[in-house]
Amino acid sequence: MLILVCVGVSLAHDLITPEQLKNIEARLTATEETLKELKRENEALRILTKVSSDKLESVEAESKAKKVAFSAGLLQSGSQEFGPFDTRKTLIYKKIFANAGNAYDSSTGIFTAPVNGVYFFRFYAHAHPTKQMAVSLHKNNQIQCSVFSRHPASNANGSNGVVLSLDKGDQVFTQLWENNWVYDDDLSYTSFSGFLLFQL
């Protein structure tokens, strides 16, 4: 048995020449370099995929943020006169017609800008005969525009609108002035609406 092994080793040694062995080593080295290059390319592809995924998420978030619009009536149902109060009161519009982007909060009556942009707002207010009505639209704590009716002889409606440049987090809402009334019912005479025109 020992003789056969020795003969086999001797034959293998005779079959593989130094030149052939050198070629095999060169091919192995080239294969190793190819594997290293493939690993580098795979890592580059992984990073590129991650960057592309992050960009896609950013685009989707931006696209979602662009869809901002709301419209709401003061009363969910029934009819009611609001006021008079000793101080100005933020009107809370409960009857939601639309609230894309959920930027309007029906528990506070406040719209909070989700992105920097230019927005359009409009509000309507209704007054009964002999009742004085005054409502203002505010950006944060500053009045932007108002409607007013002084003791009308019959039912009166007031409407105003404004285009505002808002930073993310700015708040827009309407307030009923002190010692004034406003009326609403199922027909939603008193309402508040707004939407994003474009981002800045």
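Laboratory data are not the source of any read-out in this text; all were calculated from the coordinates shown. Treat the numbers as computed from the prediction; the structure is a model and nothing was measured. Neighbour counts are summed over all protein chains in view; Cβ atoms, including those assigned to glycine, are modelled from backbone coordinates with ideal geometry.
A Förster radius of 45 Å, combined with the Cβ-Cβ distance separating T34 from N116, puts the computed FRET efficiency at roughly 0.35. Run the numbers for I16 and S77: contour at 0.36 nm per residue of separation, minus the present Cα-Cα distance, in nm. So the extension gain works out to 12.3 nm.
In summary, the lysines within cross-link reach of K95, defined as a Cα separation below 30 angstrom excluding same-chain residues under 8 places away, comprise K64, K66, K67, K131, K139, K168.
If I take R0 = 45 Å and measure r between the Cβ atoms of R150 and K67 in this structure, what FRET efficiency does the formula 1/(1 + (r/R0)^6) give, to the nearest 0.05? Can you show the working numbers first?
On the way: r = 40 Å, r/R0 = 0.89.
Between R150 and K67 the formula returns 0.65.
Rounded to 0.05, the FRET efficiency of the Q171 and T130 pair, given R0 = 45 Å and the Cβ-Cβ distance, is 0.85. Rounded to the nearest 10 degrees, the inclination of helix 2-15 to the longest alpha-carbon principal axis of the chain is 70 degrees.
Could you give the length gained by full extension between L187 and I24, i.e. 0.36 nm per residue of separation minus their alpha carbon distance, to one decimal place? Walk me through the numbers on the way to the answer.
Numbers: separation 163, 0.36 × 163 = 58.68 nm, distance 8.95 nm.
Additional length available on full extension: 49.7 nm.
Treating each Cα of region 115-157 as one equal point scatterer and applying the Debye formula with no solvent, the log10 of I(q)/I(0) at q = 0.16, 0.25, 0.34 Å⁻¹ comes out as -0.51, -0.85, -1.15. Here's the picture: a label point sits 7 Å out from the Cα of T87 along the beta-carbon direction, and within region 125-160 the residues with their amide nitrogen under 16 Å of it are 141-142.
When log10 I(q)/I(0) by the Debye sum over Cα atoms at q = 0.09, 0.12 Å⁻¹ is calculated for this entry, the matching label among [x] -0.43, -0.69; [y] -0.36, -0.64; [z] -0.51, -0.71 is [z]. Straight-distance candidates among the lysines for linking to K94, with alpha-carbon spacing under 19 Å and chain neighbours fewer than 8 residues away dropped, are absent.
Computed from Cα atoms, the angle from the helix 18-66 axis to the main principal axis of the chain rounds to 0 degrees.
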